[in-house]
1. Considering only residues that are over 15 Å from residue 170 (Cα atoms) and of a type in the set (Ser, Thr, Tyr), which ones fall in segment 201-239?
2. Residue under question is residue 104, and the condition is that it be part of a helix (DSSP H, G or I), under 30 Å from residue 205 (Cβ atoms), at pLDDT below 80 and open to solvent by 60 Å² or more (accessible area, probe 1.4 Å); does it hold?
3. Quick one: residue 111 ticks every box in (1) touching a Pro at 6+ places or on another chain (Cβ under 7 Å); (2) at pLDDT 85 or above bar one, so which box is it?
4. Residue 34: at pLDDT 75 or above and of a type in the set (A, V, I, L, M), yes or no?
5. Answer with yes or no whether residue 3 is modelled with pLDDT under 75 and either open to solvent by 100 Å² or more (accessible area, probe 1.4 Å) or under 30 Å from residue 145 (Cα atoms) (or both).
6. So is residue 244 open to solvent by less than 60 Å² (accessible area, probe 1.4 Å), within 28 Å of residue 131 (Cβ to Cβ) and assigned to a loop (DSSP other than H, G, I, E, B) or not?
7. Mind listing whichever residues of segment 315-328 are in contact with a Lys or Arg (Cβ under 7 Å, 6 or more places away or on another chain) and part of a helix (DSSP H, G or I)?
8. Before we move on, is residue 266 modelled with pLDDT under 75 and not charged (D, E, K, R)?
Amino acid sequence: MKLFKSLIILFFLVPSISQAATLDELLQKVKNEAVTQTAEFKKREAEFKSEKNKQQALLNKAKAELAALERTTVQLTNDFDSNEKKLAKVEEELNMAMGTLGEMFGVVRQVAGDLKGQIENSVVSAQIRGRKAFAANLAESKSLPNIPKLERLWYELQREMTETGKTTQFKATVVRSDGEKSEQMVTRVGAFNLVSDGEYYNYQPSTGQIVELGRQPSSRYTGMIDDLASAKGSTYEAFAVDPSRGSLLSMLVQAPSFWERLQQGGLVGYVIIALLFLGIGLVIERIKTLKTEGDKIKAQMGNPKASDDNALGKVMMAYESNKTADLETLELKIDEAILKATPPLEKGIGTVKILAAVAPLLGLLGTVTGMIATFQSITLFGTGDPKLMAGGISQALMTTVLGLVCAIPLLLLHNVIANKSKGLVQILEEESAGMIAARAEKSKA
């Protein structure tokens, strides 16, 4: 320790010692410096002892404060434990008191959740907005609802039920099928459909927009919209509602139209349709021709003077020309006239019958080709996706239907024109038989 002090003293004396000129002077300076440093060290030691006493006093004060705080902590800990026991007892009493209210709260949250889902997908929300937020907040609430919230929940349930039975009009922004937006009057039919300007619309809950259907259903349903729009007062009009709130309407829209069904038949279907129109054209021509010829024959039956503009007149002219011939020759001449008059009356009837017979065969051909296409799809892609097989099956079924649709009316019409033709031929044969019988009677007389 002494050595350490000597080194410190030398450290501080180095600057002054370095300025000494002689050894005596150096010795004297070392002595003076030692005396000065000793006095200074004593002074510092005294100050340190004085500060030490102050630090001890501060330490004692801090210990006293610590002891006081520890006593306070013990007291507060005891108070906290006591309050915890009281709080647990009070909470138990509160839970017992809240038994029925807690059960009611669960029911309220459940009803509010159901109402939220119903409001979100309801067509009524296209007209009455802002109801979803209230139902969502009440369904997710962690605290008991107050009386105003319960009253509003009841009101929203009642309003949704009341609006379901109303048909109202309101002005709204709609999105057309081309993406353009326009402001127009929209008719809401209960909670089922939205219509405007003779077209059906859908309400999209995700965006809150009223969107026009990309494709409208058949005129059978769109025509009801005009009837509904023109209804006045307390009158009743038939209208097709969608109780599924859009699902049935979307499926109805996807149903193919009449022209699309015809296209499903493919080339074979077009051929069958062409045969149908050809057969109907022949039938119309035959009916018109036979009716004209029948009218002329009926007119000739009441006129004893023969005319060459009808079959009966030609038969009568053959009779008049061969009146002096023998009976056998007269009969042959009349038969010849009948044979000449018959082909125009029976013209085209056999063709209609052939078309009626060919149409089902073409339908069978289309069925076979459609099934071949179906099995080819199964071979290439398997049976995982039914849509891949739908084209071939549609062609198979549609051609069968077209074949029957073509054959059935053509068969019925063939029977009509065949009977009419046979009737006219029978008139010719009856009249010719009467002529021959009259001639035979004259010969006997």
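1. Scanning segment 201-239 gives 206, 207, 218, 219, 221, 222, 230, 234, 235, 236.
2. Numbers: part of a helix (DSSP H, G or I): yes; under 30 Å from residue 205 (Cβ atoms): yes; at pLDDT below 80: yes; open to solvent by 60 Å² or more (accessible area, probe 1.4 Å): yes.
Here the answer is yes, as residue 104 does meet what is asked.
3. Of (1) touching a Pro at 6+ places or on another chain (Cβ under 7 Å); (2) at pLDDT 85 or above, only one is false for residue 111: (1).
4. No.
5. Numbers: modelled with pLDDT under 75: yes; either open to solvent by 100 Å² or more (accessible area, probe 1.4 Å) or under 30 Å from residue 145 (Cα atoms) (or both): yes.
Answer is yes for this residue.
6. It is true that residue 244 is open to solvent by less than 60 Å² (accessible area, probe 1.4 Å), within 28 Å of residue 131 (Cβ to Cβ) and assigned to a loop (DSSP other than H, G, I, E, B).
7. Correct list: 318, 327.
8. Taking the combined requirement at face value, the residue does not satisfy it.
The values are calculated or read from the model by the stated rules, or taken from the named source; none is laboratory data. In this text, all values refer to a predicted model and were calculated from it rather than measured experimentally. So basically every Cβ, Gly included, is an ideal-geometry build from the backbone, and we count neighbours across all protein chains shown. Heads up: the accessible areas ignore ligands, DNA and RNA and are worked out on the full protein's heavy atoms, side chains in. Shrake-Rupley method; radii C 1.70, N 1.55, O 1.52, S 1.80 Å.
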